[in-house]
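A.B. asks: So that we are looking at the same thing, I have put the structure below in structure tokens.
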Amino acid sequence: MKVLIINGSPRKDGNTERLIREAVGVFEREGIACDLYSLAGKAIRGCMACGYCHSHDGCVLADDVNDLAKKLAECDGLLVASPVYYGSANGSLIALLDRLFYSARCDKRMKVGAAFAVARRAGTTATFDELNKYFTISQMPVASGRYWNNGFGREKGQIEEDAEGLQNARITARNMVFLMRSIALGKETYGLPETEEITPTHFIR
Ligand SMILES: Cc1cc2nc3c(=O)[nH]c(=O)nc-3n(C[C@H](O)[C@H](O)[C@H](O)COP(=O)(O)O)c2cc1C
């Protein structure tokens, strides 16, 4: 059983990374493998709407997105964490997620999603909602915590003082493990739910 973790902070050893470590501790104790990807030092550009992925398996741009798509196909759960920038997720992370979710052909159904947002003071709930939208358009159940998964701190390491935020990360990680295991059992017993070809209506009438 494996979790793919995407750290959307460009700051190495930052507060987002610290919050992720709290979840990783839970995953390791539970024997869940972690595949960690960090945006630190990465230049990821946004979707060009070129349509390449409509007729090919993957994105036309040669960066980490196609590699992450393979990892997404293999994982049972996806944890995405972001620092809050101007009340929203880091722009590079959104560029990556737009392209990953749009171009990855793999079946994402019933992979468990979870999102963390980290800020100095405000914007965590909007960022949390923003990140969860990638899961909820992909038939991915969302693991939640005891609050809207946030953590607070400005300078590196300040999140250490946010005991509730760290605790909530552990709780969310445990809930994620429970859901991943339950879904694995459910898949064995019942298989994945029947699905339908999409009927797209573009509201252009
Ligand atoms: C460009 C930029 C914009 C930011 N905007 C916000 C914001 O809207 N709200 C907030 O509370 N903190 C904001 N912050 C502070 C970061 O969210 C905070 O320092 C966080 O701990 C960074 O996480 P990291 O250490 O993982 O990089 C901003 C920081 C930067 C660099």
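For every residue, the table says whether it meets (1) under 19 Å from Ser38 (Cα atoms); (2) surrounded by 13 or more Cβ atoms within 10 Å (Cβ to Cβ); (3) in contact with a helix residue (DSSP H, G or I) (Cβ under 9 Å, 6 or more places away or on another chain); (4) not aromatic (Phe, Trp, Tyr).
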| residue | (1), (2), (3), (4) |
| --- | --- |
| Met110 | no, yes, yes, yes |
| Phe116 | yes, yes, yes, no |
| Ala126 | no, yes, no, yes |
| Ser144 | no, yes, yes, yes |
| Ala169 | yes, yes, yes, yes |
| Thr172 | no, yes, yes, yes |
| Leu179 | no, yes, no, yes |
| Pro200 | no, no, no, yes |
| Ile204 | no, no, no, yes |
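A.B. asks: Confirm whether Cys34 is more than 16 Å from the ligand (Cβ to nearest atom), farther than 17 Å from Leu131 by Cβ, in contact (Cβ under 8 Å) with a residue 24 or more places away in the chain and surrounded by 19 or more Cβ atoms within 10 Å (Cβ to Cβ). Step through it out loud before you land on a result.
C.D. replies: Values: more than 16 Å from the ligand (Cβ to nearest atom): yes; farther than 17 Å from Leu131 by Cβ: yes; in contact (Cβ under 8 Å) with a residue 24 or more places away in the chain: yes; surrounded by 19 or more Cβ atoms within 10 Å (Cβ to Cβ): no.
Considered against the rule, which asks whether it is more than 16 Å from the ligand (Cβ to nearest atom), farther than 17 Å from Leu131 by Cβ, in contact (Cβ under 8 Å) with a residue 24 or more places away in the chain and surrounded by 19 or more Cβ atoms within 10 Å (Cβ to Cβ), Cys34 comes out as no.
A.B. asks: State which residue is surrounded by the most Cβ atoms within 10 Å (Cβ to Cβ) when the search covers only segment 72-96 and only residues that are part of a helix (DSSP H, G or I), in contact with a strand residue (DSSP E or B) (Cβ under 7 Å, 6 or more places away or on another chain) and among the hydrophobic types (A, V, I, L, M, F, W, C).
C.D. replies: Leu93
A.B. asks: Go over the candidates Ile6, Ile20 one by one and state the one that is crowded, with 19+ Cβ neighbours inside 10 Å and either more than 16 Å from the ligand (Cβ to nearest atom) or not in a helix (DSSP H, G or I) (or both).
C.D. replies: After applying the criteria, what remains is Ile6.
A.B. asks: Among Cys106, Cys59, which is the only one that is more than 16 Å from the ligand (Cβ to nearest atom), touching a residue at least 40 places away in the same chain (Cβ under 8 Å) and not charged (D, E, K, R)?
C.D. replies: Details: Cys106 fails: touching a residue at least 40 places away in the same chain (Cβ under 8 Å).
Every option except Cys59 fails the conditions.
A.B. asks: Something else now. Out of all the residues in segment 128-141, which are in contact with a helix residue (DSSP H, G or I) (Cβ under 9 Å, 6 or more places away or on another chain) and closer than 27 Å to Glu161 by Cα?
C.D. replies: Glu130, Leu131
A.B. asks: Also, I was wondering about something else. Of the residues Phe128, Phe116, which single one is closer than 26 Å to Glu30 by Cβ, within 16 Å of the ligand (Cβ to nearest atom), in a strand (DSSP E or B) and within 18 Å of the chain's Cα centre (by Cα)?
C.D. replies: Values: Phe128 fails: in a strand (DSSP E or B).
Result: Phe116 is the single residue among Phe128, Phe116 that is closer than 26 Å to Glu30 by Cβ, within 16 Å of the ligand (Cβ to nearest atom), in a strand (DSSP E or B) and within 18 Å of the chain's Cα centre (by Cα).
Throughout, read-outs are computed from the coordinates displayed, never taken from laboratory work. Remember, predicted model here, so these are calculated numbers, not experimental data. We place every Cβ from the backbone using ideal geometry, glycine too, and count neighbours over all the protein chains shown.
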